[in-house]
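The structure appears below as structure tokens.
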Amino acid sequence: MVDSSNSALAAGQAQSKPAPKAQNPAMRMLGMPNFRFKLPSRNWMIFLTVTGSFTAALLYDRRERKRSQQKWCDLVAHLSKETLPIEQTRRKLTIYLAAPPGDGLRIARDHFREYVKPILVAAALDYQVIEGRREGDIRAGTAENIRKLRRKAGEPSSVVEEQSTEQIIAAARQSMGVYEEPGPQGDIVIGRHTWKEYIRGLHEGWLGPLDPPQPPAPVEEVTNLQNNPETTPAESPEKEGEQAPESKEKEEEKEKAKKKPAGPAPAYIAPADYPSRALPPTLPESFDGSVPIAFPHLLGFLNTPIRLYRYLNRRHLAEDIGREVAGAVLASYTRPYHDDIMPSDSESVTTTPTSIPGHDVTTDLPPRNYEQQTILEEAEREWHKSVHKRDPVGPNGDNEREWLDNVVLDPRIASRMQRYTLCPHEEARAQRIVEGTEYILGEKRPAPVPFWKNLWVQYGYGEDEETLKRKPILGNIDEE
């Protein structure tokens, strides 16, 4: 009875199932299997939804980021069309780039190539990069460049500079009558840590001395002379032969220590000494404009959600950086950095101590809140915790840290600093570029090329006249 009931149930289920749809005869003759389209299972639906959403968000962000960068490139591309006399060199910008706290220099280079360099290339501007691999390199390099300018201007100094390759090239160009393109230069500073070193180097170069400070007397040699006032007599040749390998090892260790890259040069002046220094006669009335560029860099496994959100929203970062870099490239509008005097009455000016670790000095200047002190300040909270640890004695024998110390500004230097910004009519032109009503300044926007024509040209079946005009002529140089 049980077997008969089970067989009857199985027969009923078989009858209830619909018969499979017949395969297309053409597909069957081609040997194709009979595909049955159906919805995936629950687990596959979850997997495809998550991966598809992430891929769509990534592709959308990449497309919008390219559009934003293309907008700023088109805004400055008319500069590359301008002709220069043969005896002029292109306008040059200075890029200050330093390794982010807790990471290497490669990350900073990638940030520059991805967000800053495309706009400079579109405008056909020349640039030089000052890199810093460790804390203090940018400060030392900026100050040294300023000291070279002061020595070149005629300020007395006992330092004898070795003629570098750049100086040899500059002298050769000067002898041939080649000069730089007249116009404002500028500095692009990437990251809050680089900005703090840039401010410190600017003050050190203009307010500090031209000659390096005298190094402190070596303590080890003095203690050795005190402990061993009398020299030991000469030993026998056998003992000298026994000690020869040890002396060779010590010499090798000294040579290795010399080959290791030395740290940054010590500071010529402390921030507490800024008010007591006199201004050099070669100090200009105003500096060339500068532009601080954001460099968000967050480390740590627990910060993965924040890092993932930023990775999918890089279009906003490209928009902000593109606006700042385009303002520096065009250099059409500069403004001084804002400064707000804290006390309302001039009578309430009192001496206030400068907040510098290890330097308890009072100044007769009113407390000020400069814009340079608060630029990109939120980035310091994202630095790795190892960076915020202060050693009792720094690499230069002091307790100063360019990244951790507060930004100290001298009013005479701060008032001469300027910042590049985009003027309103350039902002309006960038909006017209986005809307498609304007292209490169002075040129008409090319008509859109159909998709099928792009494929036709891509495979080499035909090219339009405009493409052939711009295409370089390549040939066999040996035969020519």
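The values are calculated or read from the model by the stated rules, or taken from the named source; none is laboratory data. Being a predicted model, the structure only gives us computed values, none of them experimental. As a convention, Cβ positions derive from the backbone with ideal geometry for all residues, glycine included, and neighbour counts pool all protein chains shown. The area values use the complete protein model at the heavy-atom level, side chains included, leaving out ligands, DNA and RNA. Shrake-Rupley method; radii C 1.70, N 1.55, O 1.52, S 1.80 Å.
Take the residues in segment 287-306 that are in contact with a strand residue (DSSP E or B) (Cβ under 6 Å, 6 or more places away or on another chain) and part of a loop (DSSP other than H, G, I, E, B), then tell me which one is nearest to ALA98 (Cα to Cα). Give the derivation first.
In the first step, residues of segment 287-306 are kept if they are in contact with a strand residue (DSSP E or B) (Cβ under 6 Å, 6 or more places away or on another chain); the result is 289-293, 295.
From the residues that got through so far, the ones that are part of a loop (DSSP other than H, G, I, E, B) too are 289, 295.
Details: GLY289: 20, PHE295: 11 Å.
Here the residue is PHE295.
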Answer yes if at least one residue in segment 184-195 is at negative phi, open to solvent by 50 Å² or more (accessible area, probe 1.4 Å) and in contact with a helix residue (DSSP H, G or I) (Cβ under 8 Å, 6 or more places away or on another chain), and no otherwise. no
Kindly evaluate LEU279 against the criterion of being touching a residue at least 12 places away in the same chain (Cβ under 8 Å), surrounded by fewer than 15 Cβ atoms within 10 Å (Cβ to Cβ) and in a loop (DSSP other than H, G, I, E, B). yes
Among the residues of segment 82-103, are any in a helix (DSSP H, G or I), of a type in the set (Gly, Ala, Ser), open to solvent by less than 60 Å² (accessible area, probe 1.4 Å) and touching a residue at least 24 places away in the same chain (Cβ under 8 Å)? no
Within segment 313-336, the residues that are outside any helix (DSSP H, G or I) and in contact with a Phe, Trp or Tyr (Cβ under 8 Å, 6 or more places away or on another chain) are ALA331, TYR333, THR334
